[in-house]
Amino acid sequence: MKKIFLQLLGILLLTSCSTKQNVLSSNSDKILGLWSEHWEPDTLEPENSINYVDTLYVFKKKNKLFIECTSDTVYRFSEITFSNDILKFTKENIIDPEEKFYIYYTMKYSEKDKEFKGSIVNSRDQHNNITFKKQ
């Protein structure tokens, strides 16, 4: 009985992970490629300012959108959507298995600047502005 329960639990977990569909709009090709992530200084809490730049690789596979961090391997990306020039996704820091830490991105593509501008909020309710620049 325990074995059957564990098998059912495993199937349920696999199915729940695969239901987070990536949503693509027809013009998604303009976001494919390498992007550098630039954080604005935190003026409210300067000690929390992020002073590094991650490079993210956005690619499409079987008509689904994926993101990988090329400069660090401690992140998992999920819930990726791109529609009406709005990119949304969740970035999970997986370095510490004892603490779940998420960053929620919402960014709009600017045709004029050829970059994404937007904001993040993390699981500690910290907010910041961010820009993605094409590499």
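Tabulated data
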| item | result |
| --- | --- |
| Of residues in the stretch 22-80 being of a type in the set (D, E, K, R) and touching a helix residue (DSSP H, G or I) at 6+ places or on another chain (Cβ under 8 Å), the one modelled with the lowest pLDDT | D42 |
| Answer residue from the stretch 48-102, given it is under 16 Å from N128 (Cα atoms), of a type in the set (V, I, T) and surrounded by 15 or more Cβ atoms within 10 Å (Cβ to Cβ) and is farthest from the chain's Cα centre (by Cα) among those | I50 |
| Members of the stretch 67-81 found to be closer than 16 Å to E37 by Cβ and not basic (K, R), listed by number | I67, E68, C69, T70, S71, D72, T73, V74, Y75, F77, I80 |
| V121, sole failed condition from (1) closer than 20 Å to L32 by Cα; (2) in contact with a His (Cβ under 9 Å, 6 or more places away or on another chain) | (1) |
| Count - residues of the stretch 120-132 that are exposed (fewer than 14 other Cβ atoms within 10 Å of the Cβ) and in a strand (DSSP E or B) | 1 |
| Among (1) farther than 18 Å from R124 by Cβ; (2) modelled with pLDDT of 65 or more; (3) not hydrophobic (A, V, I, L, M, F, W, C), the one test that D96 misses | (1) |
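The values are calculated or read from the model by the stated rules, or taken from the named source; none is laboratory data. Predicted model, so just to flag it, every value in this text is computed and none were measured. As a convention, Cβ positions derive from the backbone with ideal geometry for all residues, glycine included, and neighbour counts pool all protein chains shown.
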